[in-house]
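The values are calculated or read from the model by the stated rules, or taken from the named source; none is laboratory data. All figures in this text were calculated on a predicted structure; none of them were measured in a lab. When we count neighbours, we look across all protein chains shown, and the Cβ atoms used for this are built from the backbone with ideal geometry, even at glycine.
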Amino acid sequence: MGLIELLLLAVGLSMDAFAVSVCKGLAMGGVKPRHMLICGAWFGGFQALMPMIGYLLGAAFENVISAVSSWIAFGLLVLIGGNMLREALSKDEEKETNKMDVRTMFMLAVATSIDALAVGVTTFAISCGGVKAGGVFGTKYKTKAEAAGGVILILIGVKILLEHFGIL
């Protein structure tokens, strides 16, 4: 995987954290740097932790999954990307809360990083920016950011599958 692909993957996987960060910024009203750092640390920290868990699980089952790894990557990315698109296009609004307590932030961090299993540094920066953007711009960009992240993940999944078949 090249640097551009890695960067696109990082941004795509960070878009769900960005969308949640925008909602946090909206709910907070008066956003302070402390709020930006809390979101960035929780979301970025979990997305940095998840690759280690993914590596340990992958190493434990390497012999089992190596033959179908391209299909697994394709399926997961399409599933995650499709879910992000569905949520972005859904008319249902999620309940926003201004709580920044450990329980709330832990649950949000797990929810936004369980699918990623990668890329904590980019998420830290994007989450900080998301909280600020939420405080400044409101919900204007939330749906577009989530949709863009879903499309990016689906395209990366398709690329992986095409490389598996030797088309790319």
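A few remarks follow.
- Candidate set from the range 1-48 (those that are of a type in the set (D, E, K, R) and surrounded by 15 or more Cβ atoms within 10 Å (Cβ to Cβ)); member that is modelled with the lowest pLDDT: Asp16
- The number of residues in the range 119-135 that are at pLDDT below 70, aliphatic (A, V, I, L, M) and part of a helix (DSSP H, G or I) comes to 3.
- Some residue of the range 36-50 being in contact with a Leu (Cβ under 8 Å, 6 or more places away or on another chain) and farther than 19 Å from Leu77 by Cα: yes
- Val64 vs. criteria at pLDDT 75 or above and β-branched (Val, Ile, Thr): no
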